1. Taking residue 52 as the residue in question, decide whether it is modelled with pLDDT of 90 or more and more than 19 Å from residue 119 (Cβ to Cβ).
2. Among the residues of the stretch 105-141, write down those that are closer than 21 Å to residue 65 by Cα and modelled with pLDDT under 90.
């Protein structure tokens, strides 16, 4: 019977934490190159901010992953080891992806009012693996 007071004390100490807000991941600004690590649990970092002209390198740490935006065929890569690609906002205001080997395409996304693109990225193979990619019109230096 002596266990009840200890249990109530522990429950009272933990209860205020239950409603506490979980802080959002801090964005990582990458100039001019940014590396994102893909694991079955998450992308790290989970929020990436790059300027137009930046290179984004995705590295698969444990297994094959995808780096996908919606069902857009342009920004949908299978990553077995690592994949580098360039991100550039064109003079027409579109987001261009350069995956190398002459593979360039425009992402089917609408820019924000400031001209930047905010893309929720996910892995098609691992549902918990999500990130936010922000591409700003300012050139990376």
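The values are calculated or read from the model by the stated rules, or taken from the named source; none is laboratory data. Every value quoted in this text rests on a predicted model; they were computed, and no experiment measured them. Cβ sites come from the backbone with ideal geometry, for glycine too, and all protein chains shown count toward neighbours.
1. no
2. 127, 128, listed by residue number.
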